[in-house]
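Throughout, read-outs are computed from the coordinates displayed, never taken from laboratory work. As the structure is a prediction and not an experimental result, all values here were calculated from the model. Glycine gets a Cβ as well: all are built from the backbone with ideal geometry, and neighbour counts include every protein chain shown.
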Amino acid sequence: MTSTAQLLTRDKFETCLSVIRKASLQILPLLRIRVAEGKDPQWFYQQLELARQGIGSWGAVARRLNLNDAEISQFTLSLRHLQQLVPQYESGQEVSDNQLIAALRFIGFLELVRSKQPLLSYSTELAGEDAGLQNTAKRQIRALELMLRGVINSAWGSQTQLVNQLKTQFGAEKVRRWLKNAERGDILTGMRFGELAQLLVDKKEFARHYAALYQTSPQLSLFIDRRKTLQTFLDDVRLIRNDLLELRPLTSAQATLLDNYYYEISGAIQKACDEGRMPVNPRALLSCDEDELDDYITRAHRRHEATGGDTEEIKDAIERPDLRNADKQRDVADTASVALWAMVGIGVIGIVIFILTIVNDMNSQPQDNRTPQVTASVMAAEHAPENVSPRDMLANMGITWDENSLRSAIARGDSRIIKLFMQGGMNWKASFAEPALAADYREALTTLLQYRSQMDEPRPCRRMISTIAQAMNDGQSLTSKREEFLLAFCSTPGTIKRQKEELERALLRQAAAQKRSAGAKGRDAPVDDSEVRIQQAIYNAIK
């Protein structure tokens with residue numbers, strides 16, 4: 001028998017699909033795609049692919065929608081994720097929480113597109129105006145912030161230890177600012193929401209203090225990595241919180257998404273509290289009177305205005321100040337080196353031009369018997385533009401024409417140098433892109449993909465799939481660029497078949513592990529399913 005909660009989830013999801021269909025009918029004509037009716041997310045994604053092929057590139061699609069590169073990438077990636085979770089949907093079909101969250105996230109991007117492109121006027125409202133939604137959203141935002149503070153303080157215990165750790169991670173200057181803004185005895189009260197969340201989802205901090213809390217949780221399974229899922233959810237909460245503190249009423253899609261996020265994030269913490277493993281009680285934090293809520297919103301709004309807003313994206317790892325300074329020094333040194341070699345190159349070219357000018361002057365003494373045609377050709381030769389090849393430009397910068405120099409440029413994400421190598425005809429190997437894929441240097445990777453015909457590695461797929469699978473096993477995500485590389489070089493029938501077999505073997509191993517675990521303990525016990533999830537994600541990317 002279908003539960004009331006499942007019925008509500010299904011109703012919300014079907015409303016989301018209706019919104020997406022109506023939005024597609026306005027977006028696609030702007031991209032030269034004429035359609036009579038909107039269909040499911042998979043169809044919408046296919047139509048966008050056709051638009052990209054017709055217009056020429058995703059950049060051209062982005063310009064028609066008034067989006068930048070990052071926004072069009074997030075838009076298409078969220079739609080691709082939704083259509084993978086819901087390839088086809090029949091009315092009345094059972095809907096999971098992850099499917100609803102993916103649909104709500106995509107509607108958030110539809111709202112962004114509508115705000116950027118004035119020709120779009122579709123509605124994204126999921127329900128009528130409800131003051132209760134706004135009040136519930138405020139309570140959930142307050143509870144989430146207090147929850148993060150409580151969990152982090154619980155992990156460290158001592159404020160002294162926490163302050164010393166924060167000095168190491170963020171630097172003394174930031175810590176002084178936080179202490180200045182904080183309530184006595186709790187430095188976390190002086191931090192922005194995004195900074196709090198960064199402490200929780202940093203790769204090292206999460207593995208050391210919080211992974212065990214979420215390890216067996218049924219929540220946070222939207223992506224393969226629970227830490228990455230938590231990071232994504234908290235970053236979306238940060239943006240919703242910004243709107244709330246800037247006194248913009250939340251849309252029904254935002255309020256519904258926040259409601260789902262709240263229970264996804266708080267579920268494991270509530271369970272730990274009920275079992276006596278965690279002093280933080282989300283249920284109690286959510287229950288506050290109106291005076292407490294108004295006081296929180298007032299103080300949060302005041303801090304938000306004073307600090308200029310919570311604008312920094314929540315990243316995979318905390319960027320230590322010593323590493324930031326080292327990067328800056330390296331950038332300065334690289335810039336100085338390039339400038340020096342450019343000056344040397346300009347000087348050499350100037351000397352050559354000067355010598356040629358003297359020689360031309362010596363050989364071009366005025367003669368009465370010179371014909372007008374010869375004089376004209378000499379003048380044209382003297383004023384002809386001088387073409388500098390990409391190889392010469394690299395040489396003028398002091399960069400040698402070899403694979404090692406190209407690999408170094410790719411590893412540091414230098415798209416300008418990469419493009420000169422490509423324009424000069426240098427071939428490259430897919431394995432060269434591994435550091436750039438790990439660092440998600442999007443511009444550099446896009447440049448490589450533009451010259452994919454020059455990729456001459458004989459069999460790149462085994463290594464690429466193995467490297468990406470290992471990175472995902474280490475906690476990294478299957479980024480949009482990793483998906484593009486897999487699709488570009490590994491979507492052959494043989495590779496797809498081999499990956500399908502790899503997925504089937506992973507499923508067999510998982511079933512065997514489940515059977516052994518059940519036999520040893522006399523009941524079903526949770527078994528690590530990360531290998532299956534990773535192989536499934538890679539298979540979905542190339543099929």
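Using modelled backbone amide H atoms (1.01 Å from N, in-plane), which distant-in-sequence or interchain residues come within less than 5 Å of residue 428's amide H?
455, 456
Only four residue types carry charge here, +1 at the Cβ of Lys and Arg and -1 at the Cβ of Asp and Glu. Report the dipole size of the chain about the Cα centre in Debye, rounded to the nearest 20.
So the dipole magnitude of the chain works out to roughly 1020 debye.
Once the dipole of the chain is set up with Lys and Arg at +1 and Asp and Glu at -1 on Cβ about the Cα centre, which of 73, 487, 398 lies farthest towards its positive end?
487
Below 14 angstrom from the Cβ of residue 462, what's the summed charge of the other residues (Lys, Arg +1; Asp, Glu -1)?
+1
Set the bar at 18 Å for Cα to Cα. Now go through 419/543; 429/481; 138/203 and name every pair that lies beyond it.
419/543; 138/203
Here are several values of log10 I(q)/I(0) by the Debye sum over Cα atoms at q = 0.07, 0.10, 0.12 Å⁻¹: (1) -0.53, -0.99, -1.36; (2) -0.82, -1.10, -1.11; (3) -0.38, -0.80, -1.17. Which one was derived from the coordinates shown?
Identified label for the calculated read-out: (1).
Take each of the peptides 184-194, 489-499, average the number of other beta-carbon atoms within 10 Å over its residues, and list them starting from the highest.
Listed from highest to lowest mean packing, they are 184-194, 489-499.
Working from the pairwise distances between different alpha carbons, so that the mean of 1/r is found and then inverted, what is region 409-458's Kirkwood radius in Å?
10.5 Å
Excluding residue 216 itself, calculate the net charge of residues whose Cβ lies under 11 Å from the Cβ of residue 216, where each Lys or Arg counts +1 and each Asp or Glu counts -1.
+1
For region 131-319, what's the radius of gyration and Dmax over Cα atoms, in angstrom?
Computed over the Cα atoms of region 131-319, radius of gyration and Dmax are 15.7, 44 Å.
Indicate the gyration tensor shape class of region 178-290 (rounded, prolate or oblate), computed on the Cα atoms with a ≥ b ≥ c the square roots of the eigenvalues: a/c under 1.5 is rounded; otherwise a/b larger than b/c is prolate and the rest oblate.
rounded
Where the centre of each part is set by its Cα atoms, how far does region 133-165 sit from region 392-419, in angstrom?
Cα centres, region 133-165 to region 392-419: 46 Å.
So, how do all the Cα-to-Cα distances of region 4-116 break down into 10 Å bins, in percent, from 0 on up?
With 10 Å bins starting at 0, P(r) equals 14, 48, 29, 8, 1.
Got a sec to turn the phi values of region 493-509 into Karplus ³J(HN,Hα) couplings, 6.51 cos²θ - 1.76 cosθ + 1.60 with θ = phi - 60°, whole Hz, x for Gly and Pro?
Here the 3J(HN,Hα) series is x, x, 5, 4, 5, 5, 5, 4, 5, 5, 5, 5, 5, 5, 5, 5, 4 Hz.
As an exercise, use a Förster radius of 35 Å and the Cβ-Cβ distance of residue 529 and residue 313 to find the FRET efficiency, rounded to the nearest 0.05.
0.75
Using only the Cα atoms of region 195-261, build the gyration tensor, take square roots of its eigenvalues as a ≥ b ≥ c, and label the shape rounded, prolate or oblate: rounded if a/c is under 1.5, else prolate if a/b is larger than b/c, else oblate.
Oblate is the answer for region 195-261, as a/c is 1.5 or above yet b/c matches or exceeds a/b.
Which of 15, 301, 91 sits closest to the plus end of the dipole of the chain, meaning its Cα is farthest towards the positive end, when Lys and Arg get +1 and Asp and Glu get -1 on the C-beta?
91
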